[in-house]
């Protein structure tokens, strides 16, 4: 593998500059999302919550949030952020959503189609699960498989039911939450890391299946935060969880601001410097970088 392929350590430092907090280049206050729509799954806390607030700061007109837990406080926060920045108050659609249940996802798609005029600009499939890290033979079968139920089945169902709405928009962008864990082997993390590896391949398949219709789909490392989910990793690894929530929120808002076919099918990290990443566009496309593949 070359130093720019998905081999763990080099992936962490793909751009020269690595960020732990937000920075001016990706500030949502510089964006104009008026007239646009977004759906964020797993929105009740952590990265999902931060992303919803960043889209509000960017002036997004239609913000849909979905989660299994209560979202009422987030609805108010979204409106408060928009009002504070002088943005037009967005239309916020809050939904009880379990991404592992097909009927739940299908119903959510029907709601979005009705509320947002039949189209959706950006889908952020953020809902995830991380089981305790233990050797495979010591794992609880149901808990191990829960990684795949949420991270793969849930992502698949969201893509299946929301792609028809994305194809009716101008941005046509599908962002799937993966992880740096997709490219490394953490002892005891077989359930989580294999599922996040599969998310990357799923993004490639979606990109391939819909390339002729202009759909952009990529897998995303959404940050290393001390979220309820991330704190399930072994305690001696908690020092890695040093990102501020505004970093993924603002980076994800920036990534959805325009149609970027050159990113489709690739792995992207919110920690990378987006200005530097844009400058590497030709190199990335020419070398077909940031995709899982076997080099011979």
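Quick note: the coordinates plus some simple rules give every number you see, no bench work behind them. For clarity, every value in this text was computed on a predicted model and none was experimentally measured. Cβ: placed from backbone, ideal geometry, glycine included. Neighbour counts: every protein chain shown.
Per DSSP H run of at least 4 residues, take -39500 (n - 2.57); add these up for the chain, divide by its residues and hand me the 222 nm value, nearest 500 deg cm²/dmol.
-10500 deg cm²/dmol
Given 0.36 nm per residue, what is the gain on full extension from residue 17 to residue 286 after removing their alpha carbon distance, in nm?
94.6 nm
Hey, fewest Cβ within 10 Å first, where do 231, 31 land in order?
The order, fewest Cβ neighbours first, is 231, 31.
How would you classify the chain from its alpha-carbon gyration tensor, with a ≥ b ≥ c the square roots of the eigenvalues: rounded for a/c under 1.5, else prolate if a/b is greater than b/c, otherwise oblate?
rounded
What distance in nm lies between label points placed 7 Å from Cα along the C-beta direction at residue 293 and residue 72?
So the label points at residue 293 and residue 72 sit 5.2 nm apart.
Which translational diffusion coefficient, to the nearest whole µm²/s, is obtained for the stretch 1-109 from the Stokes-Einstein equation, given a Kirkwood hydrodynamic radius over C-alpha pairs, 10 °C and 1.306 mPa s?
Roughly 102 µm²/s, to the nearest whole number.
Taking the stretch 39-188 on its own, what percent of its Cα-Cα pair distances exceed 28 Å? Could you put the intermediate results ahead of the total?
Details: 2544 of 11175 pairs.
Summing the P(r) of the stretch 39-188 above 28 Å gives 23 percent of all pairs.
Stretch residue 88-residue 244 to full length: gain in nm at 0.36 nm per residue minus the Cα-Cα span?
Going from the current span to full extension adds 53.5 nm.
Using a Gaussian network for the chain with springs between C-alpha atoms less than 10 Å apart, which of these wobbles most: 214, 86, 256?
Largest GNM mean-square fluctuation: 86.
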